[in-house]
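Asks: Below you will find the structure I want to go over with you.
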Amino acid sequence: MTKTTANAEQAVMTKESLKQFKGRSMAQETWRRLLKNKGAVIGMCFMILLIIVAILSQFIYNYEADIITMSAGSSAQAPTLQHIFGTDKYGRDIFARIIYGARYSLLIGAGSVFIGLAVGILLGSLAGFYGGFIDNLVMRANDILYAIPNIMIAVVVVSILGTSPASLLLSLSISAASAFARITRAAVMTIRGQEYVESAYAMGLPTWKVILRHIIPNCLSPIIVQVTLAIGNNIIAASSLSFLGVGIAPPMPEWGAMLSDGRQFIRSYPWMCIFPGLAIMVTVLALNLMGDGLRDALDPKMKK
């Protein structure tokens, strides 16, 4: 009798859970499964906090007085309560510069990815949908770009246009567009023969509406995951270029430029390199955790 009751209760619970699942949209179900991933939640919370702090930094600190003004009397001070990350060789507070510099790293990392995303989705959709000459043209040009290291492309573009946030943004967008074009093309080629695409044509929809309404929305799962990973990669690339002296020029507080300024003092004043390096590492780790969580949440094979 007890087993029968337990089985009945379990069946009722199963039916209720199925009803709840049917009542949720795909976005709601993805969000629910994402929140179950502790790593993704930690990464998402850190990124939200970092974005809020980066936005508020311009109201908390004065750029002229707190970020770039030199103070010879407080140069190379170890971390204290007054300067929790210490000061650099010019006496500038490293914590303030890291917080303020988050704006540059996030804007360049995210901005270059979204510009590359728009171009890559457009080119990849055309190549995957039409095939033939358009596919060969887009993908052969993409192969040429893919054969050149991302850092090399960025160095060439920045060398031609000069060291500025705009030129750095453009150079990283080219590499991002190449990766997104490949992903979008592969996804479109698997979708273009589906029945709902043929039904859309039978209803008289033009090709551009079929691509925008039916093909691109169904390609977004792998693209969303790639976006989070690409932002982290572009933050590292931007910091690497600034470290090499061809990115954002001092005295702007970009994390890679701060690492470059402190590398000659890494033995005597290690905090000048440790904290900017930690800022890059933790931010990229948080983005990777989010990407892993999104991949699991959007993967149909992971659903239970």
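Asks: Which one of these does residue 78 not meet: (1) outside any loop (DSSP other than H, G, I, E, B); (2) in contact with a Phe, Trp or Tyr (Cβ under 9 Å, 6 or more places away or on another chain); (3) farther than 29 Å from residue 185 by Cα; (4) of a type outside the set (Phe, Trp, Tyr)?
Replies: Exception for residue 78: condition (1).
Asks: Continuing with the same structure: Just one of 177, 186, 181, 166 is surrounded by fewer than 18 Cβ atoms within 10 Å (Cβ to Cβ), out of contact with any strand residue (DSSP E or B) (no Cβ under 9 Å at 6 or more places or on another chain), modelled with pLDDT of 85 or more and part of a helix (DSSP H, G or I); which is it?
Replies: Criteria check complete, one pass: 186.
Asks: Next up: Against the condition closer than 30 Å to residue 95 by Cβ, of a type outside the set (Phe, Trp, Tyr) and at pLDDT 50 or above, how does residue 37 come out, does it pass?
Replies: No, not satisfied.
Asks: What is the one condition in (1) at pLDDT 85 or above; (2) surrounded by fewer than 15 Cβ atoms within 10 Å (Cβ to Cβ) that residue 142 does not satisfy?
Replies: Unmet condition: (2).
Asks: Further question: Looking at the stretch 191-201, which of the residues that are over 19 Å from residue 122 (Cβ atoms) and modelled with pLDDT of 80 or more is surrounded by the fewest Cβ atoms within 10 Å (Cβ to Cβ)?
Replies: 195
Residues checked against (1) on the phi > 0 side of the Ramachandran plot; (2) surrounded by 23 or more Cβ atoms within 10 Å (Cβ to Cβ); (3) in contact with a Lys or Arg (Cβ under 6 Å, 6 or more places away or on another chain); (4) at pLDDT below 80:
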residue	(1), (2), (3), (4)
212	no, no, no, yes
244	no, no, no, no
252	no, no, no, no
257	no, yes, no, no
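Asks: Here is a follow-up. Specify which of the listed residues (40, 76) is crowded, with 17+ Cβ neighbours inside 10 Å, touching a helix residue (DSSP H, G or I) at 6+ places or on another chain (Cβ under 8 Å) and either in contact (Cβ under 8 Å) with a residue 60 or more places away in the chain or under 18 Å from residue 285 (Cα atoms) (or both).
Replies: Result: 40 is the single residue among 40, 76 that is crowded, with 17+ Cβ neighbours inside 10 Å, touching a helix residue (DSSP H, G or I) at 6+ places or on another chain (Cβ under 8 Å) and either in contact (Cβ under 8 Å) with a residue 60 or more places away in the chain or under 18 Å from residue 285 (Cα atoms) (or both).
Asks: Which condition from (1) touching a residue at least 12 places away in the same chain (Cβ under 8 Å); (2) surrounded by fewer than 19 Cβ atoms within 10 Å (Cβ to Cβ); (3) in a helix (DSSP H, G or I) is the one that residue 90 breaks?
Replies: (3)
Asks: Quick test of your reading of the structure: residue 237 fulfils all but one of (1) surrounded by 14 or more Cβ atoms within 10 Å (Cβ to Cβ); (2) assigned to a loop (DSSP other than H, G, I, E, B); (3) of a type in the set (Gly, Ala, Ser). Name the failing condition by number.
Replies: The single condition residue 237 does not satisfy is (2).
Asks: In the stretch 140-152, which residues are without any contact (Cβ under 8 Å) to a residue 60 or more places away in the chain and in contact with a helix residue (DSSP H, G or I) (Cβ under 6 Å, 6 or more places away or on another chain)?
Replies: Within the stretch 140-152, 142, 145, 146 qualify.
Asks: Taking residue 85 and the conditions (1) under 30 Å from residue 221 (Cβ atoms); (2) surrounded by 11 or more Cβ atoms within 10 Å (Cβ to Cβ); (3) modelled with pLDDT of 90 or more, which numbered condition does it fall short on, given that it satisfies the others?
Replies: Every condition holds for residue 85 apart from (1).
The values are calculated or read from the model by the stated rules, or taken from the named source; none is laboratory data. All values reported here derive from a predicted model rather than from experimental measurement. In this analysis, Cβ positions are derived from the backbone assuming ideal geometry, glycine residues included, and neighbour counts consider all displayed protein chains.
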